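Each remark here refers to the structure printed beneath this line.
All of the numbers you see were taken from the coordinates with simple rules; none came from a lab. Worth saying up front: this structure is predicted, and the values here are computed from it rather than measured. Here Cβ is always computed from backbone atoms with ideal geometry, including for glycine, and neighbour counts include all displayed protein chains.
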Amino acid sequence: MISVEQAEQIIRSEIRQYGTERVPFNEALGRVLAEDIIADRDLPPYDRVTMDGIAINYAAFENGIRTYKIKGTQAAGDNPIEVNTINECVEIMTGCAMPQSTDTVIRYEDVDIANGQAFIKVAAIRQGQSIHPRGRDRKLGETIITANQTVTSVIVGMAATVGATELVVKRMPRTLIVSTGDELVEVDRSPSPHQIRRSNVYSIQAALDPYCLYTTLLHLPDNLHIVEEKISASLLHFDVILLSGGVSEGKYDYLPEALEELQVKKLFHKVQQRPGKPFWFGKHANGTLIFAFPGNPVSTFMCLYRYFLPWLETSLGSRSTKHLYAILGEDFNFTPPLQYFLQVKVNLADNGELIAAPIEGNGSGDFANLSDANAFMELPLEETNFKMGTPYRIWPFKQIIN
């Protein structure tokens, strides 16, 4: 049995890259950007008006001119209307391209307009006011979005701004999610008193959906021959196989034996932790990685967030190197020599600190208890008494700041 830190290091040593692909920019939300997005022209591309009002030449105001003849009205998207004399102005709207013969905008609130003339009624203005200069944000050829970050709605908008109709994103691993066990029936069936509905695979699938990782589901019965046959075929078609159940020491836990028969190299089996102690991890000669989680729902869920998602984010180049901590909100004791992943409800205190309140359940089979929690708090195995006010690392699985 290995420590949590050792398991993490072994998994991190198996980081993979699966290449890149081009996708339409409006279908890239949630994907990881593989190439920088470059400005195809200055941003903004012209001196852009930021207030509705009148455009004048500042030199006229400086020379004492306060009343201007309105040359015309310019709407956003119109060709600029140029003034011919110093005492002319243009009514101009937000978003317009500033006429080259003007250099200052006075908002409507500061002028009176009547009989085709505009009178400036404020005593002072600033040259160049209410104008967003060309190229102030980015210059032609400059990077506006750097690679290795998740595409957000803002990035989609920026891609549209620079005409990037396609984005190069990281290719996702082909992923199979497998449940095991004769006690499991499909969700739409009524289970007998000795059966339960198949839920772990759907929890995993839902957790992976924000990553745009499209998955295939499979169920395996407690039959060694079928397990070997199905996994053997799956090794040819998938980059990652996530298994739930069948890795403990029960008489019908066939996965370790089947994986060994299929020459999948075991990198570790059993981690000094609770929940999730029987966690199995290995790789096939063709590069396929196998994460075999214990079948209890909380164990599967915790191992997914503690091990697989960090591996996925690191493989995609999008993972932050910073760890997230919260302060334990009350004393807690745990005596077994295991690293304990405590279910907690993390809230933001008035002083800005994250406070974690323990949400104790009824063991690793109590998946319903997770509905009240929003994170796992990782408590080190070297301690048994965990004091209120002590910070520990957390692994959120829901939004922790409302």
Of the residues HIS132, ALA373, ALA28, the Cα lying farthest along the dipole of the chain towards its positive end, which is defined by charges on the beta carbon of Lys, Arg, Asp and Glu, belongs to HIS132
For the chain, the dipole about the Cα centre with charges only on Cβ (Lys and Arg +1, Asp and Glu -1), to the nearest 20 debye, works out at 460
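What number, in percent, do you get for the relative contact order of the chain if the mean sequence gap of Cα pairs under 8 Å and at least 6 apart is divided by its residue count? Show your work: numbers first, answer last.
Details: 855 pairs, mean separation 60.8, N = 402.
Relative contact order of the chain: 15 percent.
Report the relative contact order of segment 325-396, percent, no decimals, based on alpha-carbon pairs under 8 angstrom and at least 6 residues apart. Could you put the intermediate results ahead of the total?
Values: 153 pairs, mean separation 33.2, N = 72.
Normalised by residue count, the contact order of segment 325-396 is 46 percent.
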Looking only at lysines whose Cα falls under 16 Å of LYS69's and that sit 8 or more positions away or on another chain, we get LYS121
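Per residue, what volume in Å³ does the convex hull of the Cα atoms of segment 48-132 enclose?
Working: hull volume 6.3 nm³, N = 85.
So the per-residue hull volume is 75 Å³.
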Taking the alpha-carbon centre of each part, the distance from segment 1-38 to segment 157-225 in Å is 17
Once the dipole of the chain is set up from charges on Cβ (+1 Lys and Arg, -1 Asp and Glu), the residue from the list TYR46, ALA285, PHE332 lying farthest towards its positive end is TYR46
Total charge of the residues flanking PRO380 in space, meaning their Cβ is under 15 Å from its Cβ, with Lys and Arg +1 and Asp and Glu -1, is -1
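In debye, nearest 20, what is the charge dipole magnitude of segment 147-195 about its Cα centre with +1 on Lys and Arg Cβ and -1 on Asp and Glu Cβ, if you could check?
It works out to roughly 360 debye.
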Treating every alpha carbon of segment 325-396 as one equal point scatterer without solvent, the Debye formula yields log10 I(q)/I(0) values at q = 0.13, 0.21, 0.27 Å⁻¹ of -0.34, -0.87, -1.32
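Within 10 Å of each residue's Cβ, count the other Cβ atoms and sort GLU14, GLU62 from fewest upward.
Values: GLU14 14, GLU62 11.
Exposure proxy ranking, most exposed first: GLU62, GLU14.
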Computed about the Cα centre, the charge dipole of segment 233-358 from +1 Lys/Arg and -1 Asp/Glu charges at the Cβ has a magnitude in debye, to the nearest 20, of 220
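Can you bin segment 206-298 into rounded, prolate or oblate? Criterion: square roots of the alpha carbon gyration tensor eigenvalues sorted a ≥ b ≥ c, rounded for a/c under 1.5, prolate for a/b above b/c, oblate for the rest.
On the way: a/c = 1.36, a/b = 1.04, b/c = 1.31.
Because its axes are fairly even, with a/c under 1.5, segment 206-298 counts as rounded.
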Placing each pseudo-label 7 Å from Cα in the direction of the beta carbon, GLU35 and LYS266 end up separated by a distance in nanometres of 4.5
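Between their Cα atoms, which of LYS230/LYS270; LYS345/LYS398; LYS230/LYS283 are more than 19 Å away from each other?
On the way: LYS230/LYS270 24 Å; LYS345/LYS398 10 Å; LYS230/LYS283 16 Å.
LYS230/LYS270, as the Cα separations exceed 19 Å there.
Which helices of the chain meet both criteria: a Cα extent of 24 Å or more along the helical axis and a mean Kyte-Doolittle score no lower than -1.0, with helices taken as whole DSSP H segments? Each step should come with its number before you reach the end.
On the way: long enough: none.
Span-like helices in the chain: none at all.
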Rounded to one decimal in nm, the spacing of the 7 Å Cα→Cβ label points at GLN399 and ASN385 is 4.0
Of the convex hull enclosing the alpha-carbon atoms of segment 272-332, the direction-averaged projected area in nm² is 6.1
Checked against the structure, the computed Kirkwood radius over Cα pairs in Å among (i) 25.8; (ii) 21.6; (iii) 22.4 is the one labelled (i)
Net charge near VAL4 (other residues with Cβ under 14 Å of its Cβ; Lys, Arg +1; Asp, Glu -1) is +1
